[in-house]
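Worksheet: the structure to be examined is printed underneath.
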Amino acid sequence: MSGPLSWRQRVARHPATKAVLHPAITLACLLVLFVLIFFGTLFQADHGLFEAQKKFFGYGWVLIGGFFPLPAASQVIWILSIQLTVMMSLHLQWKISKIGLWIVHAGIMALLVGGFITQMMAVESQLTLAEGEIGHFTTSYNEHEVAFWEAKGDTNSVFAYDATALKPGSQLDLGPYRARIQVRSYYENCDAFTTRATNGPKYLNASGIGMLEQRKPEKEVTQNAPGLIFSLSEAGKPDREVLLYGQELSALPLTLDGKQVFAQLRLKHYPLAFSLRLTDFIKNVHPGTDVPSSFESYADLLENGGSRPVKVWMNNPLRTHGYTFFQASYAQAQGQADKSTFAVVTNPGRVLPYVSSLTVFAGLLIHFLIRLIPFVRRETSV
Amino acid sequence: MRSPPPPLKNPFFRPKSPFYGLAGLGLALLLGCQDTQPRVYTEVAFKPLAASMPNGPMSGGMGPMAAGGMPAMSAAPVDIKVTWKLPEGWTTKDSANAMRIGSFAATDPDLANSGEIDPNAVDVSVVQLAGDAGGLKANIMRWMGQVGVKMGPEDLEAFIKAAARFKTASGQEGMFVDLTDKLSGDMTQDKTIYGAIVQTKEYTVFVKAMGEMAKVQRQKPIVKAFSQSLRIEGPKS
């Protein structure tokens, strides 16, 4: 007669648990992922990588062929993760003989956790420097922020909201300045017209822009020019109407809380933990042709008053301080200093895929050996 | 005989249930998705290098200068320190142009008194360059090119000769460059320049106020006073 069931066993036998762990769900999820990858790849050709990532691999629903709805990949992976977690919690037996299976599943879990960490926390940005220039921060490829800053010597104290917070009607406090903005309009992509071209309301703007006109977002989101109109409220002062355009080079000077503050709608900045000075960029070509064979950037990494030379070239990124600098692009023009562009990635989960692969390999090996040894003994005894 | 299993209790509310860990993780992820939180950070201001200039002597003709291009000059830093007295109503601007040592928005006096910021304020810049910075004539012609004014070599000579002179607060001699009464041939220009140039063997300092004609006209006396307030300390001649 068996004893009372543990809570693990009771939950495992519950019809809801069985439904959650049904293999058909696993197979369906894998099939959906296959379909999403296939159609996402086709979609990317016409709509660009960013739109494809957002639509097929983010959250929400995708209409395959315009009529068949499928959940986007992130949701599917969540379902697989939940299945895996429940299965590990309830079905894997706590036996030494099963240690290999535990390790295999832990490895798969590490892969999924790594994927989520990457999705939530990885930052991809870029840094373009001319020879001799020093970079202190990187900029996003396509994400914008509305930034307010005070210049203090060579540094700027920045207070910024991501563009995702700029929803019409939303009120955002400018913490350090006892002021508030109320978003009137935010356009992901728009055209700007000078005050001269319009007879509408006058906005504060550093470039004489007086009107924004919404445009359909570009296929490549990096080509979008966002625009923002907001009302700036400060205690004891009449509200000011401000217009910022994402393509402006000049920041708008404002007086806020008695301080001189600059405002700009710009690509998101990510301060670096050090500075990088590009000393030389070299493009080598195959002999007798103009076909490039390699791109090399030589730079000084400046930190704590010292510097050390570093080199970044194709397929040989610079990894330091949690950043990875890839050689991404360059620009050369007669009479001008060469420019080099680095793709800069910070991803706290970047090692997890490697850990996962090794863990799964180790788990399979251990499980194989655990099964192999009794088999060999049995065969030998026979 | 096997006894029936006891009724199920909801495992998710057991004190040590993994549900709490998962729920906490989910909550943290959801909170991480909140995008209305501001970011506060400090960054070193980026200072791009000045654009490289073509080598060789500057052409003497009107062609390239009329297009507003920069004359051949040394953009190397010069070891001088320039200070000034900031006029009331001017606000310091953050400039992406590394050649500028001062950048200001000269607010219309009417708006300045009201405490409002002028969206079409006159742009005033102070630039210091080594040596003669390509020459006096070349730079005046470049300014003319920026506002569509054309002038023959003889007229330019006469213009420079007739230009008003002044002394800075530190004693260097300079000249005012007044293009506010100069119109382009087709009369379509909407901007003008009023500026000052202080030139020695070691350096050249430019003050340039550029903007709508009426606004620059109103800023003329203020730009004059600003130019006269320059205090240039640097290499001895």
| message | Under a Cβ-only charge scheme (Lys and Arg +1, Asp and Glu -1), can you give me the dipole magnitude of segment A:139-270 about the Cα centre, in debye to the nearest 20? | response | 280 debye
| ³J(HN,Hα), Karplus 6.51/-1.76/1.60, whole Hz, each residue of segment A:175-187, x for Gly, Pro | x, x, 10, 6, 9, 8, 10, 10, 6, 8, 9, 9, 10
| note | Across 5 Å bins beginning at 0, the whole-percent shares of Cα-Cα pair distances in segment A:139-270 come to 2, 11, 20, 25, 21, 13, 6, 2, 0
| message | Taking the number of other C-beta atoms within 10 Å as the exposure measure, put B:Thr192, A:Thr380, A:Thr320, B:Thr42 in order starting with the fewest. | response | A:Thr380, B:Thr42, A:Thr320, B:Thr192
| note | The farthest towards the positive end of the charge dipole of chain A, of the residues A:Thr155, A:Ala225, A:Gly100, given +1 on Cβ of Lys and Arg and -1 on Cβ of Asp and Glu, is A:Gly100
| remark: Interchain or sequence-distant (5+) residues whose placed amide H lies within less than 5 Å of the amide H of B:Thr180 are B:Ile193
| remark: Counting only residues 5 or more apart in sequence or on a different chain, those whose built amide H sits under 5 Å from that of A:Val158 are B:Tyr41, B:Thr42, B:Glu43
| query | In straight Cα distance, which lysines are under 23 Å from B:Lys167, not counting same-chain residues fewer than 8 positions off? | reply | B:Lys81, B:Lys85, B:Lys137, B:Lys201, B:Lys208, B:Lys220, B:Lys224, B:Lys236
| query | If the cut-off is 12 Å between C-alpha atoms, which aspartates and glutamates fall inside it for B:Lys215, apart from same-chain ones fewer than 8 positions away? | reply | B:Asp108, B:Asp110, B:Asp118, B:Asp123, B:Asp190
| query | Using θ = phi - 60° and the Karplus curve 6.51 cos²θ - 1.76 cosθ + 1.60, what whole-Hz ³J(HN,Hα) does each residue of segment A:337-342 get, with Gly and Pro shown as x? | reply | 5, 5, 10, 10, 10, 10
| request: Return, for the Cα atoms of chain A, the radius of gyration and Dmax in Å, separated by a comma. | output: 27.8, 99
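Treating the beta-carbon of each Lys and Arg as +1 and of each Asp and Glu as -1, no other charges, what is the dipole magnitude of chain A about its Cα centre, to the nearest 20 debye?
Here chain A has a charge dipole of around 1900 debye.
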| message | Under the rule of at least 5 residues apart or a separate chain, name every residue whose amide H is placed under 5 Å from the amide H of A:Val62. | response | A:Leu70, A:Ala72
| query | Sorted from fewest to most neighbouring beta carbons within 10 Å, what does the list A:Lys98, B:Lys224 look like? | reply | A:Lys98, B:Lys224
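Taken together, the values in this text are just the output of simple stated rules run on the coordinates, not laboratory data. Everything numeric in this text was worked out from a predicted model, so none of it was measured. So basically every Cβ, Gly included, is an ideal-geometry build from the backbone, and we count neighbours across all protein chains shown.
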